[in-house]
1. Can you confirm whether T77 is surrounded by fewer than 17 Cβ atoms within 10 Å (Cβ to Cβ), touching a Gly at 6+ places or on another chain (Cβ under 8 Å), among the β-branched types (V, I, T) and farther than 15 Å from L199 by Cβ?
2. For A153, which of the numbered conditions (1) touching a Pro at 6+ places or on another chain (Cβ under 8 Å); (2) surrounded by 18 or more Cβ atoms within 10 Å (Cβ to Cβ) fails to hold?
3. State whether the residues of the range 152-159 include one that is in contact (Cβ under 8 Å) with a residue 24 or more places away in the chain, closer than 27 Å to V66 by Cβ and in a loop (DSSP other than H, G, I, E, B).
4. I need the full set of residues from the range 183-220 which are of a type in the set (D, E, K, R) and open to solvent by 50 Å² or more (accessible area, probe 1.4 Å), in order please.
5. Scan the range 160-177 for residues that are among the hydrophobic types (A, V, I, L, M, F, W, C) and either surrounded by fewer than 21 Cβ atoms within 10 Å (Cβ to Cβ) or without any contact (Cβ under 8 Å) to a residue 40 or more places away in the chain (or both) and jot them down.
6. Anything in the range 20-44 that is open to solvent by 30 Å² or more (accessible area, probe 1.4 Å), more than 18 Å from L199 (Cβ to Cβ) and either in a loop (DSSP other than H, G, I, E, B) or of a type outside the set (K, R) (or both)? List them, or say none.
7. Can we say A204 is modelled with pLDDT under 95 and among the small types (G, A, S)?
8. Would you tally the residues in the range 1-13 being open to solvent by 50 Å² or more (accessible area, probe 1.4 Å) and not small (G, A, S)?
Amino acid sequence: MGETIIDLKKADLTLGQDAASVHVLKQVDLSIGRGESVGIVGPSGSGKSTLLMVLAGLEKLDRGEVQIDGAALHSMTEDQVADFRGRNIGIVFQSFHLIPNMTALENVAVPLELANVRDAFAIARRELEAVGLGERLSHYPGQLSGGEQQRVAIARALAPQPRLLIADEPTGNLDADTGRQISDLLFAEQARRGMTLVLVTHDAALAARCQRQVRMRSGEIVIDAGDAVATKTKRVPA
């Protein structure tokens, strides 16, 4: 692994309170190199999506450290984290999260405008053209297929030129053929831009396309296929 962009140390997080509390992350250590693609896999409830949210600064650790490209998210205020995330981290969700009364172009451009980015609509147009939606700029989400909506979401995530792209089940709501097209797009854009890609997926074929796979169970990393020692000593039945 080359230069580290993600460094998670002794990450510990409990969600909920009292009898409803769940110890979601248990002393998790994880390092990811710049430009690397990593697939996080594991059964439902293993903590993999929560781990992504910690990396995105959308969940705050109870204990431990999370550094993204040298920035200590664990010691920042919410406003500082939001500002850092807007400039450095792109996020793609399973459910697209597009604004229904905005066109594809507006869905990509408006977040840029809110971040005071110059030429927001020109950038949005370029990004939508890059994901194959140059002819769909004025269409609303309800007029787009699921695959097209996810392409808009990817364009929105890529528009700020992030160093890190995080994707939570990016093909989970798509049929197999469309899912493969979205996978192809994600990896092509990662390679073209030199980004780090970290994704959570239940799709074994998608995870296998990553340079490295990290398996979680019960809030812990049990296999890190990028670490021969971890693979030998921590392997548990799938």
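The values are calculated or read from the model by the stated rules, or taken from the named source; none is laboratory data. Keep in mind it's a predicted model, so treat the numbers as computed, not measured. Note that we place each Cβ from the backbone using ideal geometry, even for glycine, and neighbour counts take in every protein chain shown. Just so you know, the surface numbers come from the protein's heavy atoms only, side chains and all, with ligands and any DNA or RNA stripped out. Shrake-Rupley method; radii C 1.70, N 1.55, O 1.52, S 1.80 Å.
1. The answer is no for T77.
2. Checking A153 against (1) touching a Pro at 6+ places or on another chain (Cβ under 8 Å); (2) surrounded by 18 or more Cβ atoms within 10 Å (Cβ to Cβ), the one that fails is (1).
3. yes
4. Within the range 183-220, D184, R192, R193, D203, R209, R215, R217, E220 meet the criteria.
5. Step one: of the range 160-177, the residues among the hydrophobic types (A, V, I, L, M, F, W, C) are 164-167, 174, 176.
Residues satisfying the conditions are L174, A176.
6. Passing the criteria: A20, S21, V22, H23, Q27, D29.
7. It is true that A204 is modelled with pLDDT under 95 and among the small types (G, A, S).
8. First, pick out the residues of the range 1-13 that are open to solvent by 50 Å² or more (accessible area, probe 1.4 Å): 1-4, 9-10.
Imposing the further condition that a residue be not small (G, A, S) reduces the set to 1, 3-4, 9-10.
Number of matching residues: 5.
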